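Here's the structure we're looking at; comments come further down.
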Amino acid sequence: MKLATLRDGSRDGRLVVVSRDLAHAAPVPQIKTLQEALDDWHAIAPDLELLSAQLNEGRIAGTLAFNPADCLSPLPRAYQWADGSAYVNHVELVRRARGAELPPSFWTDPLIYQGGSDSFLAPRDPIPAASEDYGVDLEAEIAVITGDVPMGIAAEAAGETIRLLMLVNDVSLRHLMPGELAKGFGFFQSKPSSAFSPVAVTPDELGAAWDGKRVQLPLLSSLNGQRLGQPHAGVDMVFGFPELIAHAAKTRPLVAGSIIGSGTVSNRGADGGSGRTIADGGVGYSCLLELRTVETLRDGQPSTPYLKHGDEVRIEMLDDSGASIFGAIEQVVRPFP
């Protein structure tokens, strides 16, 4: 089933079930928010599944026309937002950009940072940029929403805690990162609010594209109408979602409604190198930093600027028939205030 949260004037919005083709939506009569459903998932999910089936079969009268512009993030705020870097190729390129070596442990031990979860952007909200000098960048990712996860869970069991999947634009302010990381205490100002796809879906909606650990489909990102990247999300993901969840829960439990991100989806090139742009026959990149790093390695300096006011970002994933699975994240960079 597919779920979304519509704006209704409240902080947490109104939960709706969305049809498979993203054309219609039906309110959920017995509960108001997605967090309520996640808190009692085993009891509530069967009713949501029934409503979803009725909606997809055209058996509900008075449905709403589904419009992503009416959506908040599926979870407008969450108890936990922990973003991994499961695509080690991305980590390697990012570290290379700032002249840092990649420790061997990065291939065996997941890297995760704890992001701010109190103010997510809606999928069509602008990206607020107080200054273009901050180095505003997109990062196209996939995320899962979990149920309750006990501390110390094994990766083999962690997959059973995945309730929903969605897409992410994990906005980064690249020029603020070096100073923060130099302090040895991690990201804060350089990681502003993230945006999530209009719709979150249960794993079964992905069919054979979900293998229990990874999504076996390309993730598409575009800048100003031009395709930036289409890397395959199931390729070069060193750590699957169950491993990321187990890593996050090693020393603490995770509560229902926790969001775990994959990190920027990134593929190596066919030669094992850092990849090529789509124009050069590659799969491109899910963030501008990777493209700028490759340009620097090739030309001695980057030629692609970071995002400017007025730039338009789009992130989407299509199924094998070309239909949008999660709806698209579409954002414009705007001055703030």
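The values are calculated or read from the model by the stated rules, or taken from the named source; none is laboratory data. Just so it is clear, the model here is predicted, and its values are computed rather than measured. Cβ: placed from backbone, ideal geometry, glycine included. Neighbour counts: every protein chain shown. Each accessible area value is taken on the protein alone, full model and side chains, heavy atoms only, with ligands, DNA and RNA left out. Shrake-Rupley method; radii C 1.70, N 1.55, O 1.52, S 1.80 Å.
Okay, here's what the table says:
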quantity	calculated
Relative contact order (%) - the chain, alpha-carbon pairs under 8 angstrom, separation at least six	23 percent
Descending Cα extents along the principal axes, region 42-102, whole Å	60, 30, 23
Gain upon complete extension [Thr304, Phe336; 0.36 nm per residue less C-alpha separation]	9.2 nm
Sparsely packed GluC sites (Glu not before Pro) within region 1-81, loop by DSSP, other Cβ within 10 Å at most 12	Glu57
Check: region 75-127 dipole with +1 on Lys, Arg Cβ and -1 on Asp, Glu Cβ, in debye	140 debye
Relative contact order computed over region 16-140 (Cα-Cα under 8 Å; 6+ residues apart), in percent	25 percent
Top positive-direction residue, dipole computed over region 37-84 with Cβ charges, set Leu55, Ala37, Ala82	Leu55
Top of Val201, Val28, Val136 by mean-square fluctuation, Gaussian network on the chain, Cα under 10 Å	Val28
Prolate/oblate/rounded label for region 83-190 (Cα gyration tensor, a/c 1.5)	oblate
Global geometry of region 120-250, whether rounded, prolate or oblate, following the gyration tensor of its Cα atoms and the 1.5 cut on a/c	oblate
Per-residue [θ]222 nm for the chain (sum of -39500 (n - 2.57) over DSSP H runs n ≥ 4, rounded to 500)	-5000 deg cm²/dmol
Inter-part distance where region 251-273 and region 153-199 are each reduced to a Cα centre, Å	9 Å
Check: the chain dipole with +1 on Lys, Arg Cβ and -1 on Asp, Glu Cβ, in debye	560 debye
Net dipole in debye of region 1-67 [+1 Lys, Arg Cβ; -1 Asp, Glu Cβ; about Cα centre; nearest 20]	260 debye
Packing-based ranking, highest mean first, of 38-48, 259-269 given that Cβ atoms within 10 Å are counted	259-269, 38-48
Per residue accessible area in Å² of region 145-267, where ligands, DNA and RNA are left out and the probe is 1.4 Å	38 Å²
Options Met166, Leu181, Val201, ranked by Cα towards positive dipole end of region 155-247, top entry (Cβ charges)	Leu181
Tensor-based shape of region 1-150 (alpha-carbon gyration tensor, a/c under 1.5 rounded, otherwise prolate or oblate)	prolate
Portion, in percent, of the accessible area of region 1-112 that falls on carbon or sulfur, probe 1.4 Å	51 percent
